[in-house]
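Inspection log for the structure reproduced underneath, given as structure tokens.
No lab work stands behind these numbers, since they all come straight from the coordinates. Note that the structure is a prediction, hence the values are computed from the model and not measured. Cβ: placed from backbone, ideal geometry, glycine included. Neighbour counts: every protein chain shown.
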Amino acid sequence: MTKSIRSALLIAGSFAALAVTALPAHAVGCLSGAAAGAVAGHVAGGHAVIGAAGGCVVGHELAVKKEREAEANKLIADYETAPEGSPQRSRDLAGISRLSRKDVPVAVKWIQQHNVNTH
């Protein structure tokens, strides 16, 4: 293994370790993105560290998006099974509305299809 590859892997590993301690909830997205970005950056001309940083950001964003989609699907399922007029249904609707304002496609579509007034 050449010195530059070893250095790049060490720096990428250090960056990933830092990401794990800073963002434990989304560490998997950051770690996988950083690994892919480091490889891509290295292949693109020795820019493994820059690739790892960019990959971490993109991986984190994708993980957050996936998490919000799952949360919206759960809230929608809970809303549809809760009794009419129940406090649980109101809380689920508030959560769906919050996610639709964050432009989560599942929540936006559900709000539009059900003509729900969220204001």
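For GluC sites (Glu not before Pro), the sites in the stretch 21-93 that DSSP calls loop and that have at most 13 other Cβ atoms within 10 Å are Glu84.
With both labels modelled 7 Å from their Cα along Cα-to-Cβ, the Val116 to Val43 distance reads 4.2 nm.
A Förster radius of 41 Å, combined with the Cβ-Cβ distance separating Thr81 from Val28, puts the computed FRET efficiency at roughly 0.85. Geometric descriptor of the stretch 66-113, per residue, is 61 Å³ (volume of the convex hull of the Cα atoms).
When you filter the trypsin sites (Lys or Arg not before Pro) in the stretch 51-112 for DSSP loop state and at most 13 other Cβ atoms inside 10 Å of their Cβ, you are left with Lys102.
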